Amino acid sequence: MKEFLENNILTNFSAYQMKNLRKIIRSIITFRKFFIVFADVISIIISIQLGHYLVTNSSANIFSEKLLFLLSSILVIIISFIFSGQYKSITRYLSSLEIYKIFIRILVSQLFIYFISSLIKIYVPSFKIFLITTILLIIFISSSRFLIRDIFLNIDSLFNWKKKKRVAIYGAGAAGVQLLSSLKVSNNYSVICFFDDSKDLWDKYLNGIQIKNPNQIENKTLKIEKIFLAIPSLKRSKLNKILNKVYSSKISILQIPSLEEITSGAVKIDKLRPLLIEDLLGRNEVKIKPEIILKSIKDKNILITGAGGSIGSELCLQILKCNPKKLVMVDNSEPNLYFIDKKLKEQNLNERIRVISILGDVTNQTLVENLLKEQNISTIFHSAAYKHVPIVESNPIQGLKNNIFSTFNICEKAIKHRIEKVILISSDKAVRPTNIMGASKRISELIIQAFDEEIKSNKKSKNVSTKLSMVRFGNVLNSSGSVVPLFKEQISKGGPITLTHPDIIRYFMTIEEASQLVLQAAALSTGGDLFLLDMGDPIKILDLAKQMIYLTGLKIKDLDNPYGDIEIKTTGLRSGEKLYEELLIDNNCVSTSHPQIFKAKEKFIPASDLWPKLEELKESLDSFNELKSLDIIKELIPEWVRIVK
């Protein structure tokens, strides 16, 4: 029908004529009830006439012989439909439930007609006629409803066929069927076909639409503009396999909401969203053991340093869910602290948990001293650090001073005030560091180990039971300084995406995953632990850039495709940047009770040797003696090889 209209009628219509035609069509649709009532009257007449004919085999006209009975039937059925709300249903959203309602209403109406006919003796049909007529009424009236629904759904689309996007639905399950129904109602898309991985479904039809082998995605004759992924509970490994098929076709892909979002009623199934780069990590979901986390957080006073940063702010949000008695946030950035304070207040509306925001620098001994004394802290998560490699590389004095001596200060005061636990947020850049930031993190780890050694050897005090631990992991997606926000910004500006090296690889996890695993690791802490988080497989940054271009529905501009949208340019490695990162120094780690958390055993410097060197380092940093400071760093970390561009 559409092809006939396209080729023979619509092409000859002027824009003005088409506009007027649409007005006529829409004005007709406004009289929906009239058409439905008219269709019901016709259905009643046909059903009664046909019912008599099928039983009596007589073609006698019901109008001449049983006119009063016919009029009574029409009147009773139409009035019952009106008063029972049958005509209040929205035809566009007709479902099987309406058929059941029609069945009940017709049956009741027929019984009433039969009773009245017997009472006043105008005409009493036989039980067989009564039964067949009732069945026919249900069939004709129900069919008319679906016919009218389909007319209303498609009549406007016949005159808007050029505007509708040709799409395919990936997933021929329950979610795919629901999505198809929603798309038919929205009338913005034309569903060309389904794709599904199940061979048993190939070449079969679902609601009149063919299910195809996903290998046909690249079939140019289908002219698919978008693919809607309708598999709400999809593992990331499976998602990556699907996307590999879609990427080669250069078709943009959208995804339905998660199963949790749909079942909770937060969003509808047709609330399609672009795939996020987090969806493509190919990692297993974090296995949460809430009972372990709750035991170490609930009803306790928790301190987060660097609370406004990427990891710090997510830790605050995760900890708030665990119902601590008090949450104290410290940050030296006013905008960052304001942002996380505002966010926590939105989630803590009844102020069931006391949240305190402190603007300050944790290298300040007096600040930390007073904080721990006044707030009765149980656990400290130390995430405060300067972490952007190029910035710290350009400002080594400030970077070393902040990262190293904030850690020393926190540990020293925590031991003094008998804090239960201190957890340092470390980095994979601490492993065989090639930059100032990584070196500062490695020395921070050495500080944790040295203080722990003192505690265990009773050099501090026999009554000290503070457990000092550290958690080391790689890059987190969408954190400040991550390549993901940078690439997003570059794509939004039309490119190019700047890549330092085509072979550079990194480990990635989401901020939420990292924070949850940090809390799990903290609960496992026994003192002196170096926890490593399972980062999954390393990701090539070039592949990440390509995936992000595809996800936005754009194409890569290169020698093979000079008319593409986004170019990828290589700029060369920056100062202090490695081609790949590592998580282990000595390749010596063991598993823990959590499958995604490991423990490493690494060499450390005894406190008796480390403290004098740190004192010497502090003096050189205070006097801004950069060369001497870097020489001391080299002594403490012999494997450190600074890469300078």
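The values are calculated or read from the model by the stated rules, or taken from the named source; none is laboratory data. Predicted model only: the values in this text are computed from it and were never measured. For neighbour counting, all protein chains shown are included, and Cβ atoms are generated from backbone atoms with ideal geometry for every residue, glycine included. Please note that ligands, DNA and RNA were not included when accessible areas were found on the heavy atoms of the full protein model with its side chains. Shrake-Rupley method; radii C 1.70, N 1.55, O 1.52, S 1.80 Å.
I'd like to know if region 484-494 contains one or more residues that are under 23 Å from S591 (Cβ atoms) and outside any helix (DSSP H, G or I). Looking through region 484-494, none of the residues is under 23 Å from S591 (Cβ atoms) and outside any helix (DSSP H, G or I).
The set of residues from region 426-437 being open to solvent by less than 10 Å² (accessible area, probe 1.4 Å), of a type in the set (V, I, T) and not in a helix (DSSP H, G or I) comprises just one member, V431.
Of all residues in region 309-367, those being open to solvent by less than 50 Å² (accessible area, probe 1.4 Å) and not in a loop (DSSP other than H, G, I, E, B) number 26. For region 438-460, indicate whether the set of residues that are open to solvent by less than 10 Å² (accessible area, probe 1.4 Å) and in a strand (DSSP E or B) is non-empty. No: zero hits. Within the span defined as region 448-466, every residue fails to be among the charged types (D, E, K, R), touching a helix residue (DSSP H, G or I) at 6+ places or on another chain (Cβ under 7 Å) and farther than 18 Å from A607 by Cβ. Testing S492 on (1) open to solvent by 30 Å² or more (accessible area, probe 1.4 Å); (2) touching a residue at least 12 places away in the same chain (Cβ under 8 Å), one condition comes back false. Which one is that? Condition (2) is where S492 drops out. Taken over region 348-405, the criterion of being over 30 Å from G572 (Cα atoms), of a type in the set (A, V, I, L, M, F, W, C) and free of Cβ contacts under 8 Å to residues at least 40 places away in the same chain is satisfied by L349, I353, V355, I356, I358, L359, L367.
Here T221 passes the criteria (1) in contact with a helix residue (DSSP H, G or I) (Cβ under 7 Å, 6 or more places away or on another chain); (2) at pLDDT 65 or above except the one numbered (1). Among all positions in region 391-413, there is no residue which is under 29 Å from the mean Cα position of the chain (by Cα) and open to solvent by less than 20 Å² (accessible area, probe 1.4 Å).
Within region 183-215, restricting attention to residues that are of a type in the set (S, T, Y) and buried (at least 16 other Cβ atoms within 10 Å of the Cβ), which residue is farthest from the chain's Cα centre (by Cα)? Quick ask: steps written out before the conclusion?
So in region 183-215, the residues of a type in the set (S, T, Y) come out as 186, 189-190, 198, 205.
Subsequent filtering for residues that are buried (at least 16 other Cβ atoms within 10 Å of the Cβ) retains 189-190.
Working: Y189: 23, S190: 26 Å.
If we take residues in region 183-215 being of a type in the set (S, T, Y) and buried (at least 16 other Cβ atoms within 10 Å of the Cβ), then S190 is farthest from the chain's Cα centre (by Cα).
For region 547-568, what are the residues that are under 22 Å from the mean Cα position of the chain (by Cα) and in contact (Cβ under 8 Å) with a residue 60 or more places away in the chain? Explain how you work it out, then say what you get.
At the first step, the residues of region 547-568 found to be under 22 Å from the mean Cα position of the chain (by Cα) are 547-554.
Hits for region 547-568 are Q547, M548, Y550, L551, T552, G553, L554.
From the residues in region 190-212 that are of a type in the set (S, T, N, Q) and part of a loop (DSSP other than H, G, I, E, B), which one is modelled with the highest pLDDT?
Restricting to residues being of a type in the set (S, T, N, Q) and part of a loop (DSSP other than H, G, I, E, B), the top hit is S198.
The listed residues are L621, L617, and the only one of them that is over 45 Å from the mean Cα position of the chain (by Cα) and closer than 19 Å to K441 by Cβ turns out to be L617.
Could we say that G536 is in contact with an Asp or Glu (Cβ under 6 Å, 6 or more places away or on another chain), surrounded by fewer than 21 Cβ atoms within 10 Å (Cβ to Cβ), more than 26 Å from I251 (Cβ to Cβ) and touching a residue at least 24 places away in the same chain (Cβ under 8 Å) here? No: the conditions fail for G536.
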